[in-house]
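Novice: Mind having a look at this structure? Questions to follow.
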Amino acid sequence: MSEIIVNSVAEGYSVATVGNLAEFNGKAFVKEVLGTSSMEVSLGSIGAGKSTPFAHHHKQNEEVYIVISGDAEFVLDGRREPVSSGSIVRVSPSVSRAIENKGNELLVYVCIQAKEGSLEQYTMTDGVVE
């Protein structure tokens with residue numbers, strides 16, 4: 001696990017950092033640090049030629065992965081999907097997933113998970129212009 005440093009906590013918001021994402025190494029979950037109540041966000045990295053330690057699926061949460069840097073393959077229900085910096089991958093709860101770093105550099109990604117089908121409002125249907 002990588003360390004998350006809390007910069008500020010106030011009523012209604014919190015600010016934290018893991019440092020420079022280009023140099024991020026490990027895995028960090030932000031739910032407990034930021035106090036999120038509707039999603040889990042994690043930052044992860046996988047070394048060149050390495051992979052996640054296991055394939056997994058979820059009971060009710062879908063995941064969105066955002067690749068920050070590196071080249072990889074997502075193994076989704078046995079099917080290989082190549083990804084690289086800028087790729088965005090959504091995975092339904094029941095789909096088995098694993099990640100293999102296929103490049104020569106560190107793979108860095110953000111993973112957001114939330115209960116599938118729970119989004120009721122978004123963007124301008126939820127935002128209030130002040």
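The values are calculated or read from the model by the stated rules, or taken from the named source; none is laboratory data. Since we're looking at a predicted model, the values are computed, not measured. So basically every Cβ, Gly included, is an ideal-geometry build from the backbone, and we count neighbours across all protein chains shown. The area values use the complete protein model at the heavy-atom level, side chains included, leaving out ligands, DNA and RNA. Shrake-Rupley method; radii C 1.70, N 1.55, O 1.52, S 1.80 Å.
Novice: For segment 82-94, does any single residue satisfy the condition of being assigned to a loop (DSSP other than H, G, I, E, B), modelled with pLDDT of 95 or more, in contact with a Ser or Thr (Cβ under 6 Å, 6 or more places away or on another chain) and not aromatic (Phe, Trp, Tyr)? Quick ask: steps written out before the conclusion?
Specialist: Going through segment 82-94, the residues assigned to a loop (DSSP other than H, G, I, E, B) turn out to be 85-87, 92-94.
Pick out the ones that are also modelled with pLDDT of 95 or more and you get 85-87, 92-94.
Retained after the next criterion (residues that are in contact with a Ser or Thr (Cβ under 6 Å, 6 or more places away or on another chain)): 85.
After this cut, where a residue has to be not aromatic (Phe, Trp, Tyr) as well, the list is 85.
Yes: segment 82-94 contains one or more residues that are assigned to a loop (DSSP other than H, G, I, E, B), modelled with pLDDT of 95 or more, in contact with a Ser or Thr (Cβ under 6 Å, 6 or more places away or on another chain) and not aromatic (Phe, Trp, Tyr).
Novice: How many of the residues in segment 49-79 are assigned to a strand (DSSP E or B) and loosely packed, with under 13 Cβ neighbours inside 10 Å? Don't jump to the end; show me each part of the working.
Specialist: From segment 49-79, those assigned to a strand (DSSP E or B) are 51, 56, 61-69, 71-76, 79; that's our starting set.
Keeping just the survivors that are loosely packed, with under 13 Cβ neighbours inside 10 Å gives 56, 79.
Total satisfying the criteria: 2.
Novice: Another question, if that's okay. Do the conditions hold for Thr36, that is, is it among the β-branched types (Val, Ile, Thr) and not in a loop (DSSP other than H, G, I, E, B)? Please lay out each step first, then the result.
Specialist: Values: among the β-branched types (Val, Ile, Thr): yes; not in a loop (DSSP other than H, G, I, E, B): no.
The answer is no for Thr36.
Novice: Going through Val30, Val6 one at a time, which residue ends up being of a type in the set (A, V, I, L, M) and exposed (fewer than 15 other Cβ atoms within 10 Å of the Cβ)?
Specialist: Val6
Novice: So which residues in segment 43-75 are touching a residue at least 40 places away in the same chain (Cβ under 8 Å), β-branched (Val, Ile, Thr) and out of contact with any helix residue (DSSP H, G or I) (no Cβ under 6 Å at 6 or more places or on another chain)?
Specialist: Restricting attention to segment 43-75, the residues satisfying the condition of being touching a residue at least 40 places away in the same chain (Cβ under 8 Å) are 43-52, 54-58, 60-69.
Next, from what is left, pick out any that are β-branched (Val, Ile, Thr): 46, 52, 64, 66-68.
Hits for segment 43-75 are Ile46, Thr52, Val64, Ile66, Val67.
Novice: Please verify whether Val108 is within 21 Å of Ser42 (Cα to Cα) and in contact (Cβ under 8 Å) with a residue 60 or more places away in the chain, treating the condition exactly as stated.
Specialist: Numbers: within 21 Å of Ser42 (Cα to Cα): yes; in contact (Cβ under 8 Å) with a residue 60 or more places away in the chain: yes.
So Val108 passes the test.
Novice: Mind checking whether some residue in segment 123-130 is crowded, with 18+ Cβ neighbours inside 10 Å and among the hydrophobic types (A, V, I, L, M, F, W, C)?
Specialist: Step one: list which residues in segment 123-130 are crowded, with 18+ Cβ neighbours inside 10 Å, which gives none.
No, every residue in segment 123-130 fails to be crowded, with 18+ Cβ neighbours inside 10 Å and among the hydrophobic types (A, V, I, L, M, F, W, C).
Novice: Which residues, taken from segment 16-33, are part of a strand (DSSP E or B) and either under 19 Å from Arg90 (Cβ atoms) or among the hydrophobic types (A, V, I, L, M, F, W, C) (or both)? Talk me through it step by step, then tell me what you get.
Specialist: Within segment 16-33, the first condition is being part of a strand (DSSP E or B), and the residues that meet it are 16-17, 27-29.
If the condition is that a residue be part of a strand (DSSP E or B) and either under 19 Å from Arg90 (Cβ atoms) or among the hydrophobic types (A, V, I, L, M, F, W, C) (or both), then Ala16, Ala28, Phe29 are the ones that fit.
Novice: Sticking with this structure for a sec: Out of the residues in segment 101-121 meeting the condition of being more than 24 Å from Gly19 (Cα to Cα) and in a strand (DSSP E or B), tell me which one is most open to solvent (accessible area, probe 1.4 Å). Give the derivation first.
Specialist: Taking segment 101-121 first, the residues more than 24 Å from Gly19 (Cα to Cα) are 102, 114-121.
Filter once more, keeping what is in a strand (DSSP E or B): 114-115.
Values: Ala114: 29, Lys115: 110 Å².
Once the filter is applied, the top-ranked residue is Lys115.
Novice: Ser42 - would you say it is in a strand (DSSP E or B) and closer than 25 Å to Glu3 by Cα? So that I can check it myself, show each step before the final result.
Specialist: Numbers: in a strand (DSSP E or B): yes; closer than 25 Å to Glu3 by Cα: yes.
Here the answer is yes, as Ser42 does meet what is asked.
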